[in-house]
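Report on the structure given below.
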Amino acid sequence: MSKNLVQFIIEEQRRVPGASGDFTGLLSDIISACKHIAHAVNKGELIGVLGSAGSENVQGETQKKLDVITNDIFIKATEWSGHLAAMASEEMDNIYPIPKQYPRGKYLLTFDPLDGSSNIDVNISVGTIFSILRCPEGVTNPTANDFLQPGVKQVCSGYALYGPSTMLVITTGHGVDGFTLDSDVGEFILTHPQMTIPADTQEFAINMSNRRYWEEPVQRYVEECTKGKDGGREKNFNMRWVASMVAEVHRILTRGGIFMYPFDTKEPGKAGKLRLLYEANPMSFIVEQAGGACSTGRERIMELKPTGLHQRVPVILGSKNEVERVVGYHKGT
Ligand code: P6P
């Protein structure tokens with residue numbers, strides 16, 4: 001019988017001397033949340049969950065019904081079991097401390113419950129992104145500041161991709177493993193052990209409509225990709241843009257590529273679009289563990305000291321050699 005995700009994480013736990021099972025329990029809760037989200041996403045209009053919720057989130061973005069529903073699923077699946085001290089979500093302005101009626105644990109959870117939700121009404125792949133941090137020693141009433149830890153402090157990160165098949169991809173710092181949901185038995189089965197990103201690629205992903213707002217190094221890099229062999233590169237390139245970071249990252253994990261949501265001047269005061277704590281950092285952990293690279297163009301994303309729960313950062317990630325080329329252009333080399 002193929003290895004399922006629960007068996008996998010228990011075997012992971014055995015690698016950690018003195019592991020209490022807290023972490024395994026938290027991951028099991030997250031797996032349960034992703035299964036419920038997969039069901040809601042898959043049923044779609046059959047259960048009336050498509051369309052707008054008629055509200056805005058802290059980002060000023062119109063919330064889809066499923067943004068709210070999936071956020072609630074995550075909270076209900078994880079708040080009761082005593083593994084968390086608090087959680088933070090793209091869909092909530094402030095942190096969510098574990099209510100008094102439940103025991104508190106030693107972890108903090110950040111998540112984007114439905115990334116790419118603008119795609120949900122047009123039936124294009126969406127995903128969930130999550131990241132697990134340790135609650136600082138001795139902190140029993142965490143504040144937002146306790147979440148402001150650099151990405152290198154992550155204990156685990158992962159995503160669920162609700163696509164033609166539902167997959168869950170995680171890292172605990174020992175490589176990246178992918179699991180496919182077998183809905184007949186309701187289990188995630190290990191199908192993609194130790195995923196790695198090729199160092200080179202011929203595929204770039206960026207929202208070209210923002211071209212006029214990019215900085216010169218990104219303009220140069222993208223120009224060279226579009227010109228290919230006619231513009232000084234040794235190969236021609238293909239382009240993709242799904243407007244769903246989880247789908248882009250999964251494609252890159254599967255066949256290589258470079259994904260860019262760089263700094264742009266489109267909206268003053270916004271350093272980029274993607275959020276550090278629950279998009280850039282968890283995806284960076286996964287991509288680096290798979291042999292790729294992740295940068296703002298000037299700094300390694302996982303070394304950034306966060307300044308706010310919903311802080312945005314430029315993101316350039318994927319095949320190492322291409323990311324390093326873009327970083328080199330930012331350095332003027
Ligand atoms: P744009 C989805 O809203 C998201 O946060 C990422 O998943 C995705 O890569 C990006 O924004 C798409 O942004 O500006 O192309 O709609």
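The values are calculated or read from the model by the stated rules, or taken from the named source; none is laboratory data. Computed from a predicted model, the values in this text were never measured in an experiment. Glycine also receives a Cβ, built like all others from the backbone with ideal geometry; neighbour counts cover every protein chain displayed.
Among all positions in region 37-52, there is no residue which is within 16 Å of the ligand (Cβ to nearest atom) and among the charged types (D, E, K, R). Return the only residue of A205, A160, A199, A243 being among the aliphatic types (A, V, I, L, M), within 16 Å of the ligand (Cβ to nearest atom) and surrounded by fewer than 21 Cβ atoms within 10 Å (Cβ to Cβ). Among A205, A160, A199, A243, only A243 is among the aliphatic types (A, V, I, L, M), within 16 Å of the ligand (Cβ to nearest atom) and surrounded by fewer than 21 Cβ atoms within 10 Å (Cβ to Cβ). I'd like to know if region 53-63 contains one or more residues that are crowded, with 16+ Cβ neighbours inside 10 Å and part of a helix (DSSP H, G or I). No, region 53-63 contains no residue that is crowded, with 16+ Cβ neighbours inside 10 Å and part of a helix (DSSP H, G or I).
Taking the stated definitions as given, is G18 assigned by TED's automatic domain parsing to the domain that holds F179 and assigned to a helix (DSSP H, G or I)? So G18 fails the test. Counting only strands (runs of 3 or more DSSP E) wholly contained in region 208-317, the ones carrying 1 or more residues that are touching a residue at least 60 places away in the same chain (Cβ under 8 Å) occupy 258-261.
May I ask you to verify whether I129 is within 13 Å of the ligand (Cβ to nearest atom), within 14 Å of the chain's Cα centre (by Cα) and either among the charged types (D, E, K, R) or not in a loop (DSSP other than H, G, I, E, B) (or both)?
Here the answer is yes, as I129 does meet what is asked.
Just one of (1) farther than 30 Å from H192 by Cα; (2) away from the ligand (no atom under 12 Å from the Cβ); (3) surrounded by fewer than 20 Cβ atoms within 10 Å (Cβ to Cβ) fails for L309. It is (3). Scanning region 252-279 for residues that are over 17 Å from P198 (Cβ atoms), more than 12 Å from the ligand (Cβ to nearest atom) and of a type in the set (S, T, Y) gives a single hit, T265. Taken together, the residues in region 110-126 that are among the hydroxyl-bearing types (S, T, Y), near the ligand (Cβ under 9 Å from one of its atoms) and buried (at least 23 other Cβ atoms within 10 Å of the Cβ) amount to 1.
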